[in-house]
Amino acid sequence: MSLPSHLTSYLAQRGTQYEICTHDHSRSSAETARSAHVPASQLAKSVILQDDDGCVMAVLPADRVLMVGEFSRLAGRYRLRLADEDRIAALFEDCERGAVPPVGMAWGIPTLVDDELESNDVVYMEVGDHEQLLRMSHEQFHALMSAQPHGCFSKSPMH
């Protein structure tokens, strides 16, 4: 599958440099990291939440879980809940289900980035299908996400 036009045009407009990496078909971010042989801490995953005002995207490392309360506080939206699959599919109709790129801005969706991702030399992200990842340097990722709100809203699943 080719990259969604929303994503490619957004990245091109910002001059973002990246590589495309292919991997075996995967069904989850953890499986993607294993299949692509990349540390899950370097794979940015998206979590879509919704309330009566619409949707918002959390971007966090694939090896961490979202703390919805912390995220809601940071976003200033206190009735957020996980968006349902049909809502996500309608928003990201040019992407395969479950493979939403963590660049909500390209689709006009407010996006907040977990600070944990900023510690990586390299960041990988889904591109809208289950067999490709974008790979970009820390500098490129930082530049891409610099205008988005950042904060600490994820934790290790062991805690």
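The values are calculated or read from the model by the stated rules, or taken from the named source; none is laboratory data. Because the structure is predicted, anything quoted here is derived from the model rather than measured. Neighbour counts are summed over all protein chains in view; Cβ atoms, including those assigned to glycine, are modelled from backbone coordinates with ideal geometry.
If S29 passes every condition in (1) in contact (Cβ under 8 Å) with a residue 40 or more places away in the chain; (2) surrounded by 15 or more Cβ atoms within 10 Å (Cβ to Cβ); (3) more than 23 Å from D115 (Cβ to Cβ); (4) small (G, A, S) but one, which one does it miss?
For S29, the failing item is (3).
Within region 84-105, can one find any residue that is in a strand (DSSP E or B), modelled with pLDDT of 95 or more, of a type in the set (V, I, T) and surrounded by 16 or more Cβ atoms within 10 Å (Cβ to Cβ)?
Looking only at region 84-105, we keep the residues that are in a strand (DSSP E or B), and these are none.
No; the residues of region 84-105 include none that is in a strand (DSSP E or B), modelled with pLDDT of 95 or more, of a type in the set (V, I, T) and surrounded by 16 or more Cβ atoms within 10 Å (Cβ to Cβ).
Among (1) modelled with pLDDT under 90; (2) of a type outside the set (A, V, I, L, M, F, W, C); (3) buried (at least 19 other Cβ atoms within 10 Å of the Cβ); (4) under 15 Å from the mean Cα position of the chain (by Cα), which single condition is K45 missing?
(1)
Are there any pairs, at least 6 apart or on different chains, whose C-beta atoms fall under 6 Å, with the first in region 63-74 and farther than 15 Å from L43 by Cβ and part of a helix (DSSP H, G or I) and the second modelled with pLDDT of 95 or more and not aromatic (F, W, Y), and if so, which?
Once the first residue is farther than 15 Å from L43 by Cβ and part of a helix (DSSP H, G or I) and sits in region 63-74, its partners that are modelled with pLDDT of 95 or more and not aromatic (F, W, Y) give F71/A58; S72/L80; L74/G151.
Any residue that is under 29 Å from A12 (Cα atoms), exposed (fewer than 15 other Cβ atoms within 10 Å of the Cβ) and in contact with a Pro (Cβ under 9 Å, 6 or more places away or on another chain) - is there at least one of those in region 128-135? Reasoning before the result, please.
We begin by selecting, within region 128-135, every residue under 29 Å from A12 (Cα atoms); these are 128-135.
The next check asks that each one be exposed (fewer than 15 other Cβ atoms within 10 Å of the Cβ); those that pass are none.
Looking for residues that are under 29 Å from A12 (Cα atoms), exposed (fewer than 15 other Cβ atoms within 10 Å of the Cβ) and in contact with a Pro (Cβ under 9 Å, 6 or more places away or on another chain), one finds none in region 128-135, hence no.
Would you be able to tell me the number of residues in region 149-159 that are without any contact (Cβ under 8 Å) to a residue 60 or more places away in the chain and either surrounded by 15 or more Cβ atoms within 10 Å (Cβ to Cβ) or of a type in the set (A, V, I, L, M, F, W, C) (or both)? Give the steps one after another, and end with the answer.
Residues of region 149-159 without any contact (Cβ under 8 Å) to a residue 60 or more places away in the chain: 150, 158-159.
Narrowing further to those that are either surrounded by 15 or more Cβ atoms within 10 Å (Cβ to Cβ) or of a type in the set (A, V, I, L, M, F, W, C) (or both): 150, 158.
The total comes to 2.
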